[in-house]
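To keep things clear, I will list the structure first and then write my remarks on it.
The values are calculated or read from the model by the stated rules, or taken from the named source; none is laboratory data. Since we're looking at a predicted model, the values are computed, not measured. Please note: Cβ atoms are built from the backbone with ideal geometry, for glycine as well, and neighbour counts cover all protein chains shown.
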Amino acid sequence: MESMTLTRKEMSSLLLSLQGNHEQSPLTILQTAWSKNHQQACQKGASLPAFLTTEMRPVIEKVIQGIQFNGFSLQEIADLGSLIEYSNVSITSIQNWVKRDFKELFVIKEGRKYSINQAALLFIIDDLKSNLDFLSIRRLFHTLFFGREKDITEFIEPVQFYYAYSTMFEELDANNDQMFDIVGHTSTANSQDTLLDNMVKAYADRVAQSMTGISKAQQKGVSNILVISALSVQTSYLQAVAKRYYNATVFLDFD
């Protein structure tokens, strides 16, 4: 069976839609994502057999059935995370994060499930950990989601931020090769790293400036965190490729 795969932008769109904050329905987002990955089968009129060989997690089956979500269980969040391309989300890591490493962010009332924003936070943690330790991630979260006020009034929703940097990454990777599309690099022009830095930061500045309800100073911090997050997505891809080659080397036993 083939597993369904979603990009981060598709996953963040799905979360926004489940929250009621996206122009497309959850089912439409899933249909579009699946069709994109099965273009040949759809063109040949073989969409039914292709769909029947696609593994659907129980949480996705609920979305297909139109079931309303008031929240997610940890297993449902792990199942959603497993659909994200080049992601390392697992139920074990999620349990560690909510019960130990980031427990102050995941307080829920007895009997209630985790919110859509808390699910987005877990996916953001998974991305950021490719470049940062947990202490650094907590500091970024304090700046990004709670500002400097002691009442920790939330001014940017995690799911909105997840969508922002996921969209940013995809638009800077127009050819979908999981690498930023850098132009202008020649032997006499700016170096590759300078071009990358300038391109990503300029885009992040525009996104941050478009956000309402935050100050100019906060926009600067948000812009920097957008850069970190988008770069972390690319890092996740590189780590996944390296891990695949490691597994192939061990499994195939070239000795």
Mind checking whether some residue in region 96-112 is of a type in the set (Gly, Ala, Ser) and either within 23 Å of residue 166 (Cα to Cα) or in contact with a Phe, Trp or Tyr (Cβ under 6 Å, 6 or more places away or on another chain) (or both)?
-> no
How many of the residues making up region 221-255 are more than 15 Å from residue 131 (Cβ to Cβ) and either modelled with pLDDT of 90 or more or loosely packed, with under 14 Cβ neighbours inside 10 Å (or both)?
-> 16
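Do the conditions hold for residue 166, that is, is it under 23 Å from residue 105 (Cα atoms), among the hydroxyl-bearing types (Ser, Thr, Tyr) and modelled with pLDDT of 75 or more?
yes
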Taking only region 73-90 into account, find how many residues are among the β-branched types (Val, Ile, Thr), more than 17 Å from residue 244 (Cα to Cα) and at pLDDT below 95.
-> 0
From the list 2, 23, pick out the single residue that is under 14 Å from residue 51 (Cβ atoms) and acidic (Asp, Glu).
-> 2
Any chance region 25-48 includes a residue that's among the charged types (D, E, K, R), modelled with pLDDT of 90 or more and over 30 Å from residue 131 (Cβ atoms)?
-> no
Is region 78-101 home to any residue that is polar (S, T, N, Q) and farther than 17 Å from residue 119 by Cα?
-> no
